[in-house]
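Just so it is clear, none of the values below were taken in a lab; they were calculated from the coordinates. Everything numeric here is computed off the predicted structure, so don't read it as measured data. Cβ: placed from backbone, ideal geometry, glycine included. Neighbour counts: every protein chain shown.
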Amino acid sequence: MSAELKTAAHVTNHGNGHVTVTNFAGRAHVALNDKPLRANFRRAMDGLMAKRAAQFPDAGDLAKLRARGAAIKERALARLPELLEQLEARCTENGIKVHWAETTGEANRIVLDIFQGHGVRTVVKGKSMVSEEMHLNAFLGEHGIEAVESDLGEYIIQLAGEMPSHIVMPCIHKNKMQIGQLFAEHIEGQRYTEDVDELTAAARRVMRARFAEADAGISGVNFAVAETGTLVLVENEGNGRMSTTLPPLHVAVMGIEKLVETMADIPPLLALLPRSATGQPITTYVNMITSPRKPGEKDGPQEIHLVLLDNGRTRVYADLELRETLRCIRCGACMNHCPVYARVGGHTYDAVYPGPIGKILTPQIAGLDVAEDLPHASSLCNACVEVCPVKIPIADILVRLRRESVRPSASQAVKGGGSGWTLSEASAWTGWKWLNAHPLLYRMGTGVLSALGHLIPPSMPPLKAWTSVRTKPKFAAQTLHQLARDKGFDDE
Amino acid sequence: MSTAASVPAERPSTVYFFGTCLVDLFYPEAGLAGMELLKREGLRVVFPQGQTCCGQPARNCGFFEEARTVVRAQFAAFPEPWPIIVPSGSCAGMMRVHYPQLFAGEPDQAQAEAFASRVYELSWFLVHVLDLKLEDKGEPVTVTWHASCHSMREMGITDEPKRLLRSLSNVTLVENPRERECCGFGGTFSVRQPEVSAAMVADKIASVEATGASEMVTGDCGCMMNISGAMEKAGTPMRSRHLAEFLLERGDVR
């Protein structure tokens, strides 16, 4: 099948230490040969799985809670257009200025305009995946505004000039030795150490100064409550609270799917998110932001802006099956439990959102023409489906995307649909269909394979890929069809 | 996701056996053992010669029309309302969980749903419908169980196969702490992402070998082809067999 050739690792070694890779298999090849990286991920994911399991000791309770989480998000999505209007109205009443952005480019422009209007030069940032989607730091940097990540993990990868490798724990691919080296290189006066407390203290020192001098803060949003216009933000380091309360100006960025209907929807989601994500009963900080500083109040920003980003989400929304993707609460449990992610790490996905959720989200947002191999980078083991706190049928959506890539739906639900089609693969499945839809042909074909299958050379694709680490399967001398008949089993 | 089967109101007297294409070509002795076990329990076992493949490979690759054509051939091959017993959690999951989805909105949707409701994974049927009791006649042996992802997460099979193994007095079952982790087979995944699949099966082998068992027993021949093929290539072969074969060889009806 041509699939093997299409997805073979595209790795070019330039001989000068530079290696370029252009597809998932190629990046996986590099990651799989990086021993420390593999050890870091395996250890981290094992720990996260154990911690999550300890938080949900009762399978029945968990099933109920997941059903509730899924229902809350489904209910909100069903009314998304009107809830968004409600959120805008409530926020506006509360003094939060709401902006709409269809593309990441528009969102960046909006943020820049706000900052330039206020003469902002330095910004502290709480963790936000939507801002990663926008590549906001780089954009602001190009316009002379320095944005410093205040989440420890994000700060570390910002120093390293890397992308997050996990949506909750962005620097999970690094160990303390690597972080120690990074700090010694980048933080003035910091010696090399593997002492985690000392490293954390060093980052805190840098951060405290940044918080004090920042002209503005940026944050993401975990949940926005339409009923009250409240932005809910969970975090563990207090940096989210500092970023949203210390500077005089706060800009929050969120994807339009982060809405819930009422405040009563928040507790069940908070019961699911930290437990699924990091195995914590609750995060150290739960921030609820409803308005800027009011007259007589002693803290909080004078001005708050909320930027609502679409970036392809309404397109996903239009398709009822794909819409389930938008239930995601970004806990990362799917990647923590993914046997593929645990081995190749987040950077192999070459996307803002790695792991199982990334495999379904990236092709829908960026298009199958640029991410055609992601839906195939799964054994469909369903481990992600089993743990998803809002019950997203990730495996079914992976298969749906595989379908869109070879035979796009009439509605053209996904950009770049059809880009994975090849004549050789389509022909192979046509042949497969004929053989398996005609029992007589099937019995003749399998009979021939039983007799002569041993002659097929192991170097023939796709056997070549198979036999790289396994022996060639041995055809039995007689098929089960033949044996069943010989042993006198009835045919009808 | 998992659609746990329900026990039929009456113990059936006749059942169909769906062998699966993989068993048909590579492990017919596993299929035959499954049929013998059912027959030994007094059931009439019918093996339609018109059966071929459950359609999962094409469905999983997005070729739904081709899959449906092949599935319709199975509808034709299993016309009577008898239970359909499948010696694979993965193929059973395709038939039970995915047929209704695959035929949603098709003219034969009702037929797909009715067919799906008749599908049982072999070990589940042995435990819950036949209440199989075995007397161990084999030598003492230590085995480990390999659970397939689809048997666990689509068919909702958790303890049934291990319960059968534990019921054998001379069999010591050592469980694999990484039992729930995928072996890396995944059908075409193994050849589309061969290096990732290779890393997964290497870790699986290590965890299977670490149990110290002399034999690995499983209920899915896809996983077995992957794991035992990789063990053989690595030069550390351990005996591996389908549960049906293992039970038939060791257990006398009690």
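Note on the protein assembly as shown: antiparallel DSSP beta bridges, both residues inside, total approximately 25 percent of the bridges counted.
For the protein assembly as shown, what is the charge dipole size about the Cα centre, in debye to the nearest 20, if Lys and Arg each add +1 at the Cβ and Asp and Glu each add -1 at the Cβ?
The dipole magnitude comes to about 720 debye.
Think of it as helices only: each DSSP H run of n ≥ 4 in chain B is worth -39500 (n - 2.57), and spread over all residues that comes to -12000 deg cm²/dmol at 222 nm. Partner shielding of A:424-436 amounts to 5, given as the average count of beta-carbon atoms from other chains within 10 Å of each residue beta-carbon. The phi torsions of the stretch B:23-36, fed into the Karplus equation with coefficients 6.51, -1.76 and 1.60 and a -60° offset, translate into couplings of 5, 4, 8, 10, 10, x, 5, 5, x, 4, 5, x, 5, 4 Hz, rounded to whole numbers, with Gly and Pro shown as x. Over the stretch B:201-240, the hull volume per residue, using the convex hull of the C-alpha atoms, is 57 Å³. Cross-link partners for A:LYS474 among the lysines, with Cα-Cα distance under 16 Å and sequence neighbours closer than 8 places in the same chain left out: A:LYS464, B:LYS233. Shown here for the stretch B:76-170: trypsin sites (Lys or Arg not before Pro) in loop regions (DSSP other than H, G, I, E, B) with at most 15 other Cβ atoms within 10 Å, namely B:LYS133, B:LYS137. Centre-to-centre, using Cα atoms only, the stretch A:165-213 and the stretch A:35-96 are separated by 28 Å. Here is the size of the protein assembly as shown from its Cα atoms: Rg then Dmax, 27.8, 92 Å. The string of couplings for the stretch A:236-252 from the Karplus curve (6.51, -1.76, 1.60, θ = phi - 60°) is 10, 10, x, 6, x, 5, 5, 5, 9, 10, 6, x, x, 10, 10, 10, 9 Hz, one whole number per residue in order, with x for Gly and Pro.
Backbone amide hydrogens, once placed in the peptide plane, bring A:VAL98 within less than 5 Å of A:LEU306, excluding anything fewer than 5 places away on its chain.
Taking amide hydrogens as placed 1.01 Å from N in the peptide plane, the amide H of A:VAL148 sits under 5 Å from those of A:VAL123, A:VAL124, A:LYS125, each at least 5 positions away in sequence or on another chain.
Against chain A, whose longest principal axis is taken from its Cα atoms, helix A:80-94 shows a tilt of about 10°. By the Cβ distance rule of under 4.7 Å, chain A has these cysteines without a partner: A:CYS91, A:CYS171, A:CYS328, A:CYS331, A:CYS338, A:CYS388. Electrostatic tally near A:ASP310: other residues with Cβ closer than 13 Å to its Cβ, Lys and Arg +1, Asp and Glu -1, net -1. If you take the square roots of the eigenvalues of the alpha-carbon gyration tensor of chain B and sort them as a ≥ b ≥ c, do you get rounded (a/c under 1.5), prolate (a/b over b/c) or oblate? Verdict is oblate for chain B. The Cβ shell under 12 Å around A:LEU83 holds other residues with a net charge of -2, Lys and Arg each +1, Asp and Glu each -1. The length gained on full extension between A:MET163 and A:GLU297, counted as 0.36 nm times the residue separation minus their Cα-Cα distance, comes to 44.4 nm. Of the trypsin sites (Lys or Arg not before Pro) in the stretch A:44-121, the ones in a loop by DSSP (not H, G, I, E or B) with at most 16 other beta carbons within 10 Å are A:ARG79, A:ARG121.
Simple point charges give the picture: +1 on the Cβ of Lys and Arg, -1 on the Cβ of Asp and Glu, and for chain B a dipole about the Cα centre of about 140 debye. Centroid-to-centroid, using Cα positions, the stretch A:307-379 and the stretch A:416-492 are 33 Å apart.
Using only Cα atoms and rounding to the nearest 10 degrees, what angle (0 to 90) does helix A:439-452 make with the longest principal axis of chain A? Rounded to the nearest ten degrees, it is 80. In a Gaussian network model over chain B where Cα atoms closer than 10 Å are linked, find which of B:GLU66, B:GLU29, B:GLU175 has the largest mean-square fluctuation. Highest fluctuation of the listed residues: B:GLU66. Rounded to the nearest 5, what is the percent of antiparallel bridges among the DSSP beta bridges in chain B? The answer is about 15 percent antiparallel. Using the Cβ atoms and a cut-off under 14 Å, what net charge is assigned to the surroundings of A:VAL206, where Lys and Arg are +1 and Asp and Glu are -1? Net charge around A:VAL206: -4. Each helix, a run of at least 4 DSSP H residues, gives -39500 (n - 2.57); summed and divided by the residues of chain A, these come to -14500 deg cm²/dmol at 222 nm.
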